[in-house]
Ligand code: NAP
C-alpha cells in the first residue's frame, strides 16, 4: 500500500479541531462528567485527527436541563417572532462568513470534496436557515366557526394558537452533517423550541462549530446544546429522557425503529427521516447521454452516501445495453481522491466499516448473479476509497436491489412497459424518492402518480428546495422536513373555545 498523504486542511484547522473536543452546553464548552472519548478518523488517509467526548448519562441530563431551563426562561419564552427571525438571519450570515472553514471541516470529517461541500452543503444550509428565519414571523393559527350543538343557545368564539413543542432531541447522520443538523435546528429555533443535538460519532465537527456560531449570533444560552457520543449510549439516553418533548431523527431504518418505539413509550412527538432505495426510470425517448449523465449524478454524488441516491436504475430495454456501457465508462473515468484535491470527483467513504460494507455488497451482488461491469474495489492506498461500481442484469429479488448500500454502487435492470416498471419501482419496502426521465408527459404523470415515494422528480434527481416538503412513505420514515411542514412539526396547535353569550 502506498504511503500516507497528509491532509493539509488538518494543519490549517488544528487549533479549531482541538477546541471542539468538549460538549457545548448552556452556551459554553464544558467537560464531560466521564473520561470516555471517541477517535475521529480522517477518511482521506485513515489517520486519527481528534478525540471527541463520548457523552454519558450525566452529560445528557445536563444538556436536557439546559435546554429545558432556556425553554421556560422569560428571555426565550417571551421572545417576539421578529427577534427569532432576526437571530436566524444573523446565524445564516455567520454561517456564510465561515462557509469556507465549515466546508473544509466537513471535508476533513466526512471525506467529501471541499468544492462539493461548499456548493451543496454550505450554500444549501445558508439558504435554508434564511428561509426558516422567514417562517418565524409567519406562524398562524385559525379562527373557526363552531356550532356546539349541545349548547344551542350559547355563542362561542374558537381559535387555535400554535405553541412550540418544547425541548427537541435532534439526532443526525454523517452524510450531510451540518445540513442535516440545520434542517432540524433552524425550524426548531424559528418556532421557539430549544434543542439538544447529537451528531453522528464520525462527523461532529461542524455541529460543534455551529454551537459557537449560535452563541455568537446572540441566542440565549441553552437554546442549542450539542453532545457528542455514541448512538447506543448518548443517543439512547437522550431519546428516553423524560424531559424531551420531541425527537427528530435522520438515519437508518433499524435505528429509526428503535427511536420510534422510544418516542411512543414516552409519548413524545417524533419525525423519522430514514433510508431509501430510490428508483430512477429511463424511458425510451431519452438520449443515452442524458440517461448516463443523470444516472451518474443520481448515484455517485456524495460517494453514493445519499438517502435519495438513485441506486436502482431501470432502463427501457431499447436503451439498456448502451446506458450500461455509458455509465460504466463514466464510473471508470471518475477521478477518485482526497476531498482537499480540487480535481477529486469521488472522495473516500466515511469509514473503514462503510468501505468494507460497500465492497461486501458488491461481492454479494455477484454471488446473487448480477454482473459487475466495473468498480467495487478498495483502492490500494490508505483511506476509505472504493471505486464506483456498476452491477448489471440485476433483479428485484436480489438483496443488492432491496437493501440500502449507501455507497457508490449502481444496480441496473431492463424493463419493457410503463406498467411493468411502476411495479418494479414499487418493489421495495422503502419509499423515499424516485425519478422518471422522459419527455412524454403522459408517462411522466402516470409514473409520478403511481410510484411509492415521498418525492418524485422528472428529468432530474436529488433536487431539493427549502420550500418543498421532503420525507418518505413506507419504511422511509414518518413526517416531513423542509417547507411549512417542517415548521408544523415543531408546533402543537392549542385549541381555545370562548363562551361569549
Ligand atoms: P444510523 O446508524 O441510524 O445513525 C444515525 C444517528 O443515530 C447517529 O447520530 C447515531 O449515532 C444515532 N444512533 C445510533 N443508534 C442510536 C440509538 N439506539 N438511539 C439514538 N440514537 C442512535 O445512520 P447512519 O449510518 O449514521 O446514516 C445513514 C442512514 O441515514 C442511511 O440509512 C440514510 O438513508 C439515512 N439518511 C436519511 C435521510 C433522510 O432525510 N431520509 C438523510 C440522510 C441520511 P452514532 O453515530 O454514534 O451511531
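The values are calculated or read from the model by the stated rules, or taken from the named source; none is laboratory data. From a predicted model like this one, the values you see are computed outputs, not experimental measurements. Cβ placement follows ideal geometry from the backbone for every residue including glycine, while neighbour counts extend to all protein chains displayed.
For (1) within 14 Å of the ligand (Cβ to nearest atom); (2) closer than 26 Å to residue 347 by Cβ; (3) modelled with pLDDT under 95; (4) surrounded by 15 or more Cβ atoms within 10 Å (Cβ to Cβ), each residue gets a yes or a no:
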{"site": "98", "(1), (2), (3), (4)": "no, yes, no, yes"}
{"site": "113", "(1), (2), (3), (4)": "no, yes, no, yes"}
{"site": "124", "(1), (2), (3), (4)": "yes, yes, no, yes"}
{"site": "133", "(1), (2), (3), (4)": "no, no, no, yes"}
{"site": "172", "(1), (2), (3), (4)": "yes, yes, no, yes"}
{"site": "175", "(1), (2), (3), (4)": "yes, yes, no, yes"}
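Each residue in segment 262-282 was checked for being in a loop (DSSP other than H, G, I, E, B) and in contact with a helix residue (DSSP H, G or I) (Cβ under 6 Å, 6 or more places away or on another chain), and 3 pass.
Just to check your reading of the model, which residue among 159, 230 is within 18 Å of residue 492 (Cα to Cα) and surrounded by fewer than 24 Cβ atoms within 10 Å (Cβ to Cβ)?
Every option except 159 fails the conditions.
The single condition among (1) modelled with pLDDT of 95 or more; (2) assigned to a loop (DSSP other than H, G, I, E, B); (3) closer than 30 Å to residue 356 by Cβ that residue 39 does not meet is (2). Considering segment 212-227, the residues that are within 24 Å of residue 41 (Cα to Cα) and surrounded by 24 or more Cβ atoms within 10 Å (Cβ to Cβ) include one that is farthest from the ligand (Cβ to nearest atom), namely 225. Evaluated against (1) in a loop (DSSP other than H, G, I, E, B); (2) at negative phi, residue 17 falls short on exactly one condition, (1).
Scan segment 304-319 for residues that are in contact with a strand residue (DSSP E or B) (Cβ under 8 Å, 6 or more places away or on another chain) and within 21 Å of residue 376 (Cα to Cα) and jot them down. Hits for segment 304-319 are 304, 307, 308, 310, 311, 312, 313, 314. Inspection of segment 290-310 identifies at least one residue that is at pLDDT 95 or above, surrounded by 18 or more Cβ atoms within 10 Å (Cβ to Cβ) and over 25 Å from the mean Cα position of the chain (by Cα).
Of all residues in segment 235-261, how many are in contact with a helix residue (DSSP H, G or I) (Cβ under 7 Å, 6 or more places away or on another chain) and more than 7 Å from the ligand (Cβ to nearest atom)?
Within segment 235-261, the subset in contact with a helix residue (DSSP H, G or I) (Cβ under 7 Å, 6 or more places away or on another chain) is 237-241, 243-244, 247-250, 253, 255, 259.
Still in the running and more than 7 Å from the ligand (Cβ to nearest atom): 237, 240-241, 243-244, 247-248.
Residues in segment 235-261 being in contact with a helix residue (DSSP H, G or I) (Cβ under 7 Å, 6 or more places away or on another chain) and more than 7 Å from the ligand (Cβ to nearest atom): 7 in total.
Here residue 394 meets the list (1) in contact with a helix residue (DSSP H, G or I) (Cβ under 7 Å, 6 or more places away or on another chain); (2) farther than 25 Å from residue 359 by Cβ; (3) assigned to a loop (DSSP other than H, G, I, E, B) almost entirely, failing just condition (2). Listed conditions (1) farther than 27 Å from residue 480 by Cβ; (2) away from the ligand (no atom under 11 Å from the Cβ); (3) at pLDDT 95 or above are all met by residue 152, apart from (3).
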